[in-house]
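Here the structure comes first, spelled out in structure tokens, and everything after it is commentary.
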Amino acid sequence: MKTLPPGIPFLFHNLLTLSFPPAVVLLATRVLRFQHVLVPGWLLVLAIIVINPLLFAARVSLMRWHTRRAAARMGAVLPDALVGRWIGGLDVMMDMLHAFKVGYPPDIFDRGFSLNSALFSFDVLWVTGYVTTDPDIVKTVLALEFPNFEKGEVLRNNLNAIFGTGVFNSDGEMWKFHRSMTRPFFTRERISHFELFDRHADHAISKMKERFQAGIAVDFQDLITRFTFDAATEFLFGSCVNSLDAPLPYPHNCPAHEPTTQPANAAERFSDAVEAVQIVVADRLRAGWTWPLREIFKDKTEEDRAIVDAVLEPIVKEALRKKAEKMNLGEGAGEKDEEDETLLDSLVQLTSDPVILRDETLNILLAGRDTTASALTFAIYLLCEHPAVLKRLREEILQYVGPTRRPTYDNIREMRYLRAFLNGEPSVKIFPANHHSSPPNNFRVIEVVSAGAVRYPPELGNDRHPRLRYTINETLLPNPDPTGKPIYIPAKTKVTYSVFKMHRDPKHWGPDAEAFDPDRFLDSRMAEYFIQNPFIFLPFNGGPRICLGQQFAYNEMSFFVIRLLQSFATMGLDLTAQPPDSLPPPEWKNAAGRKAAEKVFVKAHITLYAHGGLWVQMGDADAEA
């Protein structure tokens, strides 16, 4: 159904609100006229012009005064504030937007953290937000005071275009309902998952080998996104979109092969549409409450969301038809063998609402595709840059699995270095897929198994949004300064936390915090840092919103890395194949830390990605034997 562009109701509501004070002024002059008091025309015009700015300034001043009074009343203080030079903090907003376009992912908060505090506040367009990298504050938000922090109406409205009312974009009773629907399905481990991974991994690796044998680089990010997309759709729906069947893209420096001109298939159209919607949603989040003004004449997500719905709705309708058919025949809707049951099969037993089913399956599909693809992309990026880690990881794989055999659950549990590699480094520590904000499904703590070894509990996961929460009621946050008073935070206030910065902070991880070193999760540093405070490590967040599908993602990542390193013995970046605009900006070379050493342009929308792809070459294991 055709809907109004977001800008129209936004303008109508705000113009109606803004017209009320001038109307009161006009009414007052009319009353004064009846009292034989004449107001000069110039004064009337001036009053109409300044009434709204004066009322707004008074409202802002009153709110700030109330905040200071409330903090004093509760024996608390306000955090350090990032004060903009321009009215409304416009310079702060412009700096953040610039950092999103050409900066490193954590750069957007550099001005605030230059205040030498793990928590600061900032005002953009007179809306106050808090930003933190303090683990105790994050623990308070995600776990200790979970009922008082929510996604909030602003975030839900922004993310509605991509997540609808699904589990990643709901609060309160709706969130509990969605979670109760999916929990039973994800509590069961299925051997068929490995059969599913194996089919799609073989397909992906065979396509890579064809290109490498021809001396042509492969965009690993594109390929792994197809792999996770195919695996996720088969896992969710019982049928695969077969995105790996489409030809792989050629690098820009391969003139013998012109870009394919054949029309995109359904899987490519769906994938492109999802990507486009995520970019628009990310832009909306960055624009703040004024984003509808950019969409007065057109909803920028409408066409792409229609493509997504056109793929999902027939699948949902077919599942509902089969359910109704079984019920009419007197068969139990839940008699399908659990091992063969898909998530959609499980969901239709609990509800027949097509919108809920569509939104929930899309939420899980995107989590199963994008975050896993992001994690594996940066895993391979760092393996390309660290051949010693690649060699050691491959040796462990050959020791436990061999050069050709399919890995088992037990194999993966036994491989400590693989666990440390995926757990602590590229996939979740150095490059957390969900870098700033609140996750779609959260992480509690990683369970310690034995001296320095770690494993993923079955209910770990990641949230699919910017890592932020809104307070429901006023509350207190712990002060990063242990000698200081608690920090006051008003109701309806945004709290953002940067996992990217937390995972690279020497205060939490020691002087080598930015180094790529899987051994930190196997040696004494594990006890020295992580075990002391598990909330320094939040790739998947913490608290009650733990992602139910994380174990599936962990098994998928482990399986693909094993199969990949059984097939290839060496790998490296092919920077000549990278599109020219996908290389890091020249000014990064003068930066401190990892930023100066990056070989690809790391960017973010809802998740982290390598701008322009990750173009690689790999050496066949058979040739190395």
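The values are calculated or read from the model by the stated rules, or taken from the named source; none is laboratory data. All of these numbers come straight from a predicted model, not from anything done at the bench. Neighbour counts run over all protein chains shown; Cβ positions are idealised from the backbone, glycine included.
Scan region 493-504 and tell me whether some residue there is at pLDDT 90 or above and either assigned to a loop (DSSP other than H, G, I, E, B) or not assigned by TED's automatic domain parsing to the domain that holds residue 213 (or both).
Yes, region 493-504 contains at least one residue that is at pLDDT 90 or above and either assigned to a loop (DSSP other than H, G, I, E, B) or not assigned by TED's automatic domain parsing to the domain that holds residue 213 (or both).
Considering only residues of region 39-59 that are under 13 Å from residue 19 (Cα atoms) and under 40 Å from the mean Cα position of the chain (by Cα), which is surrounded by the most Cβ atoms within 10 Å (Cβ to Cβ)?
52
Would it be correct to say that residue 569 is among the aliphatic types (A, V, I, L, M), surrounded by fewer than 23 Cβ atoms within 10 Å (Cβ to Cβ) and over 25 Å from the mean Cα position of the chain (by Cα)?
When the stated conditions are applied, residue 569 passes them.
Which pairs turn up if I take residues in region 516-539 that are over 16 Å from residue 139 (Cα atoms) and not assigned by TED's automatic domain parsing to the domain that holds residue 419 and look for partners that are surrounded by fewer than 17 Cβ atoms within 10 Å (Cβ to Cβ) and of a type in the set (A, V, I, L, M) with beta carbon separation below 9 Å, at least 6 apart in sequence or on another chain?
From region 516-539, no pairs qualify.
Do we find that residue 18 is assigned to a loop (DSSP other than H, G, I, E, B), out of contact with any Ser or Thr (no Cβ under 6 Å at 6 or more places or on another chain) and within 24 Å of residue 290 (Cβ to Cβ) in this structure?
no
Do we find that residue 556 is at pLDDT 85 or above, surrounded by 19 or more Cβ atoms within 10 Å (Cβ to Cβ) and either in contact with a Leu (Cβ under 6 Å, 6 or more places away or on another chain) or of a type in the set (Asp, Glu) (or both) in this structure?
yes
Among the residues of region 572-613, write down those that are in a loop (DSSP other than H, G, I, E, B), under 24 Å from the mean Cα position of the chain (by Cα) and either under 30 Å from residue 415 (Cβ atoms) or not aliphatic (A, V, I, L, M) (or both).
584, 585, 598, 599, 600, 601, 605, 607, 611, 612, 613
Being at pLDDT 85 or above, of a type outside the set (Ser, Thr, Tyr) and part of a helix (DSSP H, G or I) is the filter here, so list the residues in region 505-526 that pass it.
Across region 505-526, the qualifying residues are 506, 507, 508, 509, 518, 519, 520, 521, 525.
Within region 166-195, count every residue that is over 26 Å from residue 467 (Cα atoms), loosely packed, with under 14 Cβ neighbours inside 10 Å and either acidic (Asp, Glu) or at pLDDT 80 or above (or both).
The total comes to 2.
When you go through (1) farther than 26 Å from residue 611 by Cβ; (2) exposed (fewer than 15 other Cβ atoms within 10 Å of the Cβ); (3) in contact with a helix residue (DSSP H, G or I) (Cβ under 8 Å, 6 or more places away or on another chain) one by one for residue 265, which number turns out not to apply?
(1)
For residue 105, which of the numbered conditions (1) in contact (Cβ under 8 Å) with a residue 40 or more places away in the chain; (2) on the phi > 0 side of the Ramachandran plot; (3) in contact with a strand residue (DSSP E or B) (Cβ under 6 Å, 6 or more places away or on another chain) fails to hold?
Tallying (1) in contact (Cβ under 8 Å) with a residue 40 or more places away in the chain; (2) on the phi > 0 side of the Ramachandran plot; (3) in contact with a strand residue (DSSP E or B) (Cβ under 6 Å, 6 or more places away or on another chain), residue 105 fails exactly one: (2).
Looking at residue 583 and the list (1) in contact with a Phe, Trp or Tyr (Cβ under 7 Å, 6 or more places away or on another chain); (2) surrounded by 20 or more Cβ atoms within 10 Å (Cβ to Cβ); (3) not small (Gly, Ala, Ser), which single condition is not satisfied?
For residue 583, the exception is condition (2).
Inspect region 385-399 for any residue being part of a helix (DSSP H, G or I) and at pLDDT below 90 and give the result as yes or no.
no
If you go through region 426-433 one residue at a time, do you hit one that is closer than 30 Å to residue 569 by Cα, among the polar types (S, T, N, Q) and at pLDDT below 90?
Yes, there is a match, as at least one residue in region 426-433 is closer than 30 Å to residue 569 by Cα, among the polar types (S, T, N, Q) and at pLDDT below 90.
For region 1-13, which positions are assigned to a helix (DSSP H, G or I) and surrounded by 13 or more Cβ atoms within 10 Å (Cβ to Cβ)?
Result: 7, 8, 10, 11.
Does region 186-208 contain at least one residue that is touching a strand residue (DSSP E or B) at 6+ places or on another chain (Cβ under 7 Å) and of a type outside the set (A, V, I, L, M, F, W, C)?
no
What is the one condition in (1) over 19 Å from residue 546 (Cβ atoms); (2) touching a residue at least 40 places away in the same chain (Cβ under 8 Å) that residue 175 does not satisfy?
Every condition holds for residue 175 apart from (1).
Among the residues that make up region 152-175, is at least one of them closer than 30 Å to residue 404 by Cα and β-branched (Val, Ile, Thr)?
no
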